[in-house]
DNA sequence: CGCACGTTTGAAACTGCTCAAATGCAGTGG
DNA sequence: CCACTGCATTTGAGCAGTTTCAAACGTGCG
């Protein structure tokens, strides 16, 4: 996080390349072990691009699909436009995560992908990735795994958004973000929310006012400490309890 | 729909095989043109199984993943178990559709997949499919397409479930089902709902009572004719209007 | 024919949304 | 450097849609 953005071009390039192998392409390289030679080949096809500034768009809906992207640093949000002007945030992408997988099917990007802050990504031309994955079975398998996982994650999000109260949604989100930061060696309990409350609410299917009130209740209960976008989970286990749907007041009815 | 289930074994096998190439594996064969030889090879690795009776399960959560399935006739629902006894319907699967794609990532099935009526499926061993798709680039591409489409569909469902009123959700669902039946040469406006109202409501994130009331309002408005599970869309364009989120009363707020 | 289950209907409670306005924060230009 | 403007966030009050609880109704299967 927070790469120095005024390092010399050479150092920068080196850093990105290093980040790429060790972190950002992690989703493609782990957990199926690709050997040194394979990751080198993968490295060879990725393209590096200048960082996106806050608000800059990686792609717009309808744009032809040619590559997927991996986040190196910063963060992205992808959103879908409704049949009118309204937009729905579909996902947030943190470093090491892959972006654009939903465009393969139709051949064009269905979403708008936008930087939430200064963000650098690398581009992986899809046709080359396909070709390479034909040569490297482990890579092919891993690509399918990543996509499958995305489907699974989507299922979980669906559950969250359709059957949980505002507080539960927020608790789940905070814990999920914590885990994702934690996976990259950062604190699971103290982090900076890269997105606005409005985007967060939109993602969780909540009005911004409701999101704000949920934050307040958590703060009042001593579960959370919030300073601007900075968040600290004071009682992660209590939040986890909420997550489990316990005492589910509203929604949820035992089935079968 | 409605294959004669007392035809002789031989005829049955022939029919299934025929259905497999022309219909059920359509998702894998179309729209990328696979030539005759390729589809034959694909046919060779699929396994046929005896039909599932209503309520029978194709897989349970945690079961090791080894194959994906294609629906030949009948219908399935897949559902996720919550941390307690509650379950959430994730998807319904009609003939020609592929099932089990969400299990690749973790190596075990996250969902319960259950027959809603007498249903026949064919099994496609995943390792063989992977191997075959290495030999047939078109197949590899198509497999990725199908998975990507699933991600995209999930995104759309997310929008439906998180930002639409009960009536809008039902309208969207009915039109969606109509399209899926229509794709298989059946009527888009008259069909039989294979699932219970309870499952339907669960899928749409609604209490069964709410689902029922939404049906009633549509019937009273003359948009729908319902006889048990049989449904007729009397005014599809009016339903489509609702779908577009028009006049969105509740939810939805213009963004940006 | 009868029981069980899915479906429907009614009434009340509740969550989250909408509208409206105050507050805080950040980037801009003087 | 500071004031200003615009936007994000917060807070309050009222309303609407959905859920919940409860009970009647219909249908299918033994």
Exercise for the section: Kindly check whether there is at least one residue in region A:176-188 that is within 13 Å of DNA strand D (Cβ to nearest atom) and outside the structural domain of residue A:104 (by TED's automatic domain parsing). Expected result: no
Handout entry: Residue under evaluation residue A:170, criteria (1) farther than 26 Å from residue B:100 by Cβ; (2) assigned to a loop (DSSP other than H, G, I, E, B), criterion not met
Key = (2)
Handout entry: region A:105-147, residues that are assigned to a loop (DSSP other than H, G, I, E, B), within 11 Å of chain B (Cβ to nearest Cβ) and in contact with a strand residue (DSSP E or B) (Cβ under 8 Å, 6 or more places away or on another chain)
Key = A:107, A:109, A:110, A:111
Problem - Filtered residues of region A:172-203 (kept if within 16 Å of DNA strand C (Cβ to nearest atom) and either out of contact with any strand residue (DSSP E or B) (no Cβ under 9 Å at 6 or more places or on another chain) or without any contact (Cβ under 8 Å) to a residue 24 or more places away in the chain (or both)) - result: A:172, A:173, A:196, A:197, A:198, A:201
Problem - Yes/no for residue A:85 being surrounded by fewer than 20 Cβ atoms within 10 Å (Cβ to Cβ), at pLDDT 90 or above and either part of a strand (DSSP E or B) or within 14 Å of chain B (Cβ to nearest Cβ) (or both) - result: no
Fill in the blank from the handout: By residue number, the members of region A:214-223 that are in a helix (DSSP H, G or I) and either in contact with a helix residue (DSSP H, G or I) (Cβ under 6 Å, 6 or more places away or on another chain) or near DNA strand D (Cβ under 6 Å from one of its atoms) (or both) are A:214, A:215, A:216
Handout entry: Qualifying positions in region B:60-74 - under 13 Å from residue B:115 (Cα atoms) and either free of Cβ contacts under 8 Å to residues at least 24 places away in the same chain or part of a loop (DSSP other than H, G, I, E, B) (or both)
Key = B:60, B:74
Completion exercise
Counting only residues that are within 12 Å of residue B:200 (Cα to Cα) and either without any contact (Cβ under 8 Å) to a residue 12 or more places away in the chain or within 11 Å of another protein chain (Cβ to nearest Cβ) (or both), region B:162-171 contains a total of 1
Practice task
Check region A:186-205 and report whether any residue there is surrounded by 14 or more Cβ atoms within 10 Å (Cβ to Cβ), more than 18 Å from the chain's Cα centre (by Cα) and in a loop (DSSP other than H, G, I, E, B).
Solution key: no
Handout entry: Members of region B:154-175 that are away from DNA strand D (no atom under 16 Å from the Cβ) and modelled with pLDDT of 95 or more
Key = B:175
Completion exercise
Only unsatisfied item for residue B:249, checking (1) more than 13 Å from chain A (Cβ to nearest Cβ); (2) at pLDDT below 95; (3) more than 9 Å from DNA strand D (Cβ to nearest atom), is (3)
Practice task
Answer yes or no: is there a residue in region B:51-65 that is within 10 Å of chain A (Cβ to nearest Cβ) and modelled with pLDDT of 95 or more.
Solution key: yes
Handout entry: Which listed residue, of B:213, B:190, is farther than 21 Å from residue A:163 by Cα, at pLDDT 95 or above and more than 14 Å from chain A (Cβ to nearest Cβ)
Key = B:190
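The values are calculated or read from the model by the stated rules, or taken from the named source; none is laboratory data. Since this is a predicted model, take the numbers as computed values, not measurements. Neighbour counts run over all protein chains shown; Cβ positions are idealised from the backbone, glycine included.
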